[in-house]
Amino acid sequence: MYLVAGANGFLGSYMLKNILELTDERILAVARNIDEVTKDARIEWASCDIADWKSVDILLEKINKQEDIKVIFLAAYHNPDLVEKNPRTAWNINITSLSYFINKLTNVKCFFYPSTDSVYGDSIGSYHYKEKDALNPVNTYGRQKVTAENIVTGYGYNVVRYPFLIAPSLSPVKKHFYDVIAKNITEGRCMEMFQDSFRSTLSFDTAAALLIRVMENYTPDTPKILNICGDDALSKYDVGLMIAKKLGVSSDLIVPVSAEETEGIFEASRAKSTLMDNSRLKELLGLSEVKLVI
């Protein structure tokens, strides 16, 4: 059985999709709000606020009766600007609640914590970070993710680091950046997108599918930290052009701008480019390439 915590988020929704498509497993999908969620006979939904320990205790009392649970822990306080403004609230969710959840959980076959390329910091000279490279996050969000990773790996569990992810939202109530781009350009409005900031971008669908493949082939020798990312260094402008092409609209509607022009707009510092090396992932899964598919 899979347990997906944070199952109604953008990535969580694609995790459910890929578990259903790639396995025969049942899913316990956990979220704070389960009013508008994916319906399927193999999915059981449970409401839980991971910052409310009584709520967590009730959930884990049920879960710990199961055996060989495969856990994907997505619940987190994500937005870097909000983390910068509310570091104590973010710490309570990203660190304290994560630690409590892990320590109360039993009968786990494997536990995977999706982290972020933000832990690395700036990629200088198009360098692609490897899993064992030193970490130098540029904001509070990245520093909290480093701490969370240490908790997870210190407990003997696994971390995967993701780049910028993009795809249409599967939620009926939440729109992703992809949806904003698509709506604007199909209605003839321009979208300004950074041309000088690069990430090893993937789609949510590919990112989820690759993690499920890793988990389905899990052994104690599976790397404790794994970059799951694309081969190509892509700017958001590059991604915008790909979306325009897919939708059959003019590429002129995607307007290149410099990331330096946004200085002072964001609350938290941003790494200009954060590229990752995916050689270990390819070797593990026998892949020749990993590409962004829009």
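The values are calculated or read from the model by the stated rules, or taken from the named source; none is laboratory data. Remember, it's a predicted structure, so these values are computed and weren't measured experimentally. FYI the Cβ positions are ideal-geometry reconstructions off the backbone, even for glycines, and counts take in every protein chain you see. Protein only, heavy atoms only, side chains kept; ligands, DNA and RNA dropped before computing areas. Shrake-Rupley method; radii C 1.70, N 1.55, O 1.52, S 1.80 Å.
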Item to check | Selection from region 107-135 of residues that are hydrophobic (A, V, I, L, M, F, W, C) and either more than 23 Å from Leu284 (Cβ to Cβ) or open to solvent by 60 Å² or more (accessible area, probe 1.4 Å) (or both) | outcome: Ile124, Ala134, Leu135
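Would you please name the residue that is farthest from Ile72 (Cα to Cα), looking only at residues in region 208-262 that are assigned to a loop (DSSP other than H, G, I, E, B) and among the acidic types (Asp, Glu)?
Of the residues in region 208-262, the ones assigned to a loop (DSSP other than H, G, I, E, B) are 217-224, 228-233, 248-250, 258.
From what is left, the residues that are among the acidic types (Asp, Glu) are 221, 231-232.
Numbers: Asp221: 18, Asp231: 24, Asp232: 26 Å.
Among those residues, the one meeting the criterion is Asp232.
So if I check each of Thr116, Thr96, which one is at pLDDT 95 or above and under 17 Å from the mean Cα position of the chain (by Cα)?
On the way: Thr96 fails: under 17 Å from the mean Cα position of the chain (by Cα).
One residue alone meets the criteria, Thr116.
Restricting the search to region 273-294, which residues are assigned to a loop (DSSP other than H, G, I, E, B), modelled with pLDDT of 95 or more and hydrophobic (A, V, I, L, M, F, W, C)?
Start the filter on region 273-294 by keeping residues that are assigned to a loop (DSSP other than H, G, I, E, B), which leaves 273, 277-278, 286-294.
Right, trim to modelled with pLDDT of 95 or more and you get 277-278, 286-293.
Correct list: Leu287, Val290, Leu292, Val293.
Right, Phe101: within 16 Å of the chain's Cα centre (by Cα), open to solvent by less than 40 Å² (accessible area, probe 1.4 Å) and either within 30 Å of Met191 (Cα to Cα) or touching a residue at least 24 places away in the same chain (Cβ under 8 Å) (or both) or not?
Details: within 16 Å of the chain's Cα centre (by Cα): no; open to solvent by less than 40 Å² (accessible area, probe 1.4 Å): yes; either within 30 Å of Met191 (Cα to Cα) or touching a residue at least 24 places away in the same chain (Cβ under 8 Å) (or both): yes.
So Phe101 fails the test.
Please work out if Lys145 is part of a helix (DSSP H, G or I) and closer than 21 Å to Leu211 by Cα.
Numbers: part of a helix (DSSP H, G or I): yes; closer than 21 Å to Leu211 by Cα: yes.
For Lys145, the condition - part of a helix (DSSP H, G or I) and closer than 21 Å to Leu211 by Cα - is met.
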Checklist entry - So which pairs qualify, if the first residue must be in region 232-244 and free of Cβ contacts under 8 Å to residues at least 40 places away in the same chain, the second must be open to solvent by 30 Å² or more (accessible area, probe 1.4 Å) and part of a helix (DSSP H, G or I), the Cβ gap must be under 6 Å, and the two must be at least 6 apart or on different chains? => result Leu241/Ser251
Item to check | Qualifying positions in region 17-37 - surrounded by fewer than 19 Cβ atoms within 10 Å (Cβ to Cβ), in contact with a helix residue (DSSP H, G or I) (Cβ under 7 Å, 6 or more places away or on another chain) and not in a helix (DSSP H, G or I) | outcome: Thr23, Glu25
Next on the checklist: Could you tell me how many of the residues in region 171-189 are at pLDDT 95 or above, aliphatic (A, V, I, L, M) and within 21 Å of Asn79 (Cβ to Cβ)?
Outcome noted: 2
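Listed here are the residues, each with its yes/no results for (1) farther than 30 Å from Val255 by Cβ; (2) without any contact (Cβ under 8 Å) to a residue 24 or more places away in the chain; (3) polar (S, T, N, Q).
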{"site": "Thr106", "(1), (2), (3)": "yes, no, yes"}
{"site": "Ser115", "(1), (2), (3)": "yes, no, yes"}
{"site": "Ser118", "(1), (2), (3)": "no, no, yes"}
{"site": "Glu131", "(1), (2), (3)": "yes, no, no"}
{"site": "Asn136", "(1), (2), (3)": "yes, yes, yes"}
{"site": "Asn139", "(1), (2), (3)": "no, no, yes"}
{"site": "Tyr178", "(1), (2), (3)": "no, no, no"}
Next on the checklist: Can you find, within region 38-77, the residue that is least open to solvent (accessible area, probe 1.4 Å) among those that are more than 30 Å from Thr219 (Cα to Cα) and not in a loop (DSSP other than H, G, I, E, B)?
Outcome noted: Ser55
Checklist entry - Can you tell which of Ala259, Ala271, Ala244 is among the small types (Gly, Ala, Ser) and under 21 Å from Lys132 (Cα atoms)? => result Ala271
Item to check | region 1-16: number of residues that are open to solvent by 20 Å² or more (accessible area, probe 1.4 Å) and either under 19 Å from Lys65 (Cβ atoms) or among the acidic types (Asp, Glu) (or both) | outcome: 1
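Among the candidates Asn158, Asn103, single out the residue that is polar (S, T, N, Q), at pLDDT 95 or above and farther than 21 Å from Arg213 by Cβ. I'd like the intermediate steps shown before the answer.
On the way: Asn158 fails: farther than 21 Å from Arg213 by Cβ.
Only one candidate passes the filter, namely Asn103.
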Next on the checklist: Among the numbered criteria (1) surrounded by 20 or more Cβ atoms within 10 Å (Cβ to Cβ); (2) modelled with pLDDT of 95 or more, which one does Pro80 miss?
Outcome noted: (2)
Checklist outcome for this item: When region 149-181 is checked residue by residue, the ones that are among the small types (Gly, Ala, Ser) and crowded, with 22+ Cβ neighbours inside 10 Å are Ala167
Checklist outcome for this item: Given the conditions (1) within 20 Å of the chain's Cα centre (by Cα); (2) of a type in the set (D, E, K, R); (3) at pLDDT below 95, every one holds for Lys65 apart from (1)
Checklist entry - Can you tell me which of Val255, Val290 is in contact with a Cys (Cβ under 9 Å, 6 or more places away or on another chain) and more than 30 Å from Lys85 (Cβ to Cβ)? => result Val290
